[in-house]
Amino acid sequence: MAEKAGVFLVDDHAILREGMTALINSQPDLVVVGQANDGFEALKEIPRCNPQVAVIDLSMPRMSGARVVEQLRELCPLARALALTRHCDIGYLRLMLRSGASGYVCKQSGADVLLHAIRLVASGGTFIEPELAKQVASSYLDRQPQPAEERIAELSEREAEVLRLIACGHSNRDIAEQLFISIRTVENHRHNISQKLNLRGPHALLRFALDIKSKFS
């Protein structure tokens, strides 16, 4: 018989922990190996219990779930964290994922969703609440950049010329001499190009220019 995956529960509501314990222990492949009612207790007990998955509430007294997850990565790196929260919100999702959680389940979901998430995280996968996953995909698609040709078309003729010269490796002084303008004007053009193309950082414009260099050939 295959070994059961150990699950540790962290939630400040005893009734909820008891309900999850009964649910998880009724499964042939899962077992609750420990519980804690706050983050401090969890960080002491989880390394001792050595679970595959720690199901952690986001909002708890004394220490937030995000903080627990961050510290858990150092204390017990083999224990994977699954956030279980009433906050079905993309901002909280990002917070927990940045903290190191491998999954995110809303308490409003059914028992089958929680069990699926635990199994998936225990096996090394990542689970995101389906409704939130749709929001993440939608926000990602909304931020997708335009094709290079469309972005370049937003530039004026002079700005496009400056961009071409940047792509060819010319310095501001070289560009100024070739276009018979001042270096200050070249700098202004570079700034305007970066603004129009939504490029941020000291080297973003150069990287973009090199990426689309073939468009000018």
Does the chain classify as rounded, prolate or oblate by the C-alpha gyration tensor (a ≥ b ≥ c root eigenvalues; a/c under 1.5 gives rounded; else a/b over b/c gives prolate, otherwise oblate)? prolate
Looking at the chain, how many pairs of lysines come closer than 24 Å at the Cα, when each pair is eight or more places apart or spans two chains? 5
GNM on the chain, C-alpha springs below 10 Å: top fluctuator among Gly100, Gly201, Gly110? Gly201
Net charge within 13 Å of Gly125 by Cβ-Cβ distance, Lys/Arg positive one each and Asp/Glu negative one each, not counting Gly125 itself? +2
Which peptide among 47-53, 10-16, 181-187 comes first, and what is the full order, when sorted by highest mean count of other Cβ atoms within 10 Å? 47-53, 10-16, 181-187
Comparing Leu95, Leu155, Leu58 in a Gaussian network model of the chain (Cα, 10 Å), the one with the largest mean-square fluctuation is Leu155
Return a whole-number percent for the relative contact order of the range 5-141, with Cα pairs under 8 Å and 6 or more residues apart as the contact set. 20
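Can you order the peptides 101-109, 125-133, 31-39 by their average number of other Cβ atoms within 10 Å per residue, highest first?
Values: 101-109: 21.1, 125-133: 16.2, 31-39: 19.6.
Those peptides, ordered most packed to least, come out 101-109, 31-39, 125-133.
A short reminder: the numbers here are calculations on the coordinates, not readings from a lab. Keep in mind the model is a prediction, meaning the values are calculated, not measured. Note: ideal-geometry Cβ built from the backbone for every residue, glycine included; neighbour counts use all protein chains shown.
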